[in-house]
1. Got a number for residues in the stretch A:84-98 being outside any strand (DSSP E or B) and exposed (fewer than 11 other Cβ atoms within 10 Å of the Cβ)?
2. Here's a check for you: in the stretch A:40-57, which residue that is assigned to a helix (DSSP H, G or I) and more than 8 Å from DNA strand B (Cβ to nearest atom) is farthest from the chain's Cα centre (by Cα)?
3. Give all pairs with beta carbons closer than 6 Å in which a residue from the stretch A:26-43 that is farther than 17 Å from residue A:1 by Cβ meets a residue that is part of a helix (DSSP H, G or I); count only pairs at least 6 apart in sequence or on separate chains.
4. Just wondering, is there one or more residues in the stretch A:58-77 that are loosely packed, with under 12 Cβ neighbours inside 10 Å, outside any loop (DSSP other than H, G, I, E, B) and free of Cβ contacts under 8 Å to residues at least 12 places away in the same chain?
5. Please work out if residue A:91 is over 10 Å from the mean Cα position of the chain (by Cα) and at pLDDT 95 or above.
6. Restricting attention to the stretch A:17-35, does a residue exist that is within 11 Å of DNA strand C (Cβ to nearest atom), under 16 Å from residue A:92 (Cβ atoms), part of a loop (DSSP other than H, G, I, E, B) and modelled with pLDDT of 95 or more?
7. What is the number of the single condition among (1) over 17 Å from residue A:97 (Cα atoms); (2) in contact (Cβ under 8 Å) with a residue 40 or more places away in the chain; (3) assigned to a helix (DSSP H, G or I) that residue A:81 does not meet?
DNA sequence: TTTGCGGCAGGCC
DNA sequence: CGGCCTGCCGCAA
């Protein structure tokens, strides 16, 4: 099982309306400081529609980047009921922890 | 608040 | 086969 696949599975555990962070995801698969690696995996995500890579944000609450554009990412999150202001998550209680 | 450097899997050379 | 480069971050200064 490749690491990236483990990451995708973890990501699938995140329920609609919730999000997680690159750091949490990294630890969840056994990496301590692999946040950037996680981001790269998401960017090269072979299943962009199956894997909700838009539900992953930065630890400081900012939405972060997105292969299809941050605007798209922000819209999708809004559609799921997540409040975003200036690319920043408003209520931290929507953050899902493993 | 902004800037810079660290750490990591994958893919390319 | 080994090493270099990239990329949706994180955190300390």
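1. Result for the stretch A:84-98: 5.
2. The residue in question is A:43.
3. A:35/A:22; A:35/A:23; A:35/A:26; A:39/A:22; A:42/A:53
4. For the stretch A:58-77, residues loosely packed, with under 12 Cβ neighbours inside 10 Å, outside any loop (DSSP other than H, G, I, E, B) and free of Cβ contacts under 8 Å to residues at least 12 places away in the same chain: present.
5. no
6. no
7. If we test residue A:81 against (1) over 17 Å from residue A:97 (Cα atoms); (2) in contact (Cβ under 8 Å) with a residue 40 or more places away in the chain; (3) assigned to a helix (DSSP H, G or I), just (3) comes out false.
The values are calculated or read from the model by the stated rules, or taken from the named source; none is laboratory data. Here the structure is a predicted model, which is why all the values come from computation and not from measurement. Cβ coordinates were reconstructed from backbone atoms using ideal geometry, including for glycine residues, and neighbour counts include every protein chain displayed.
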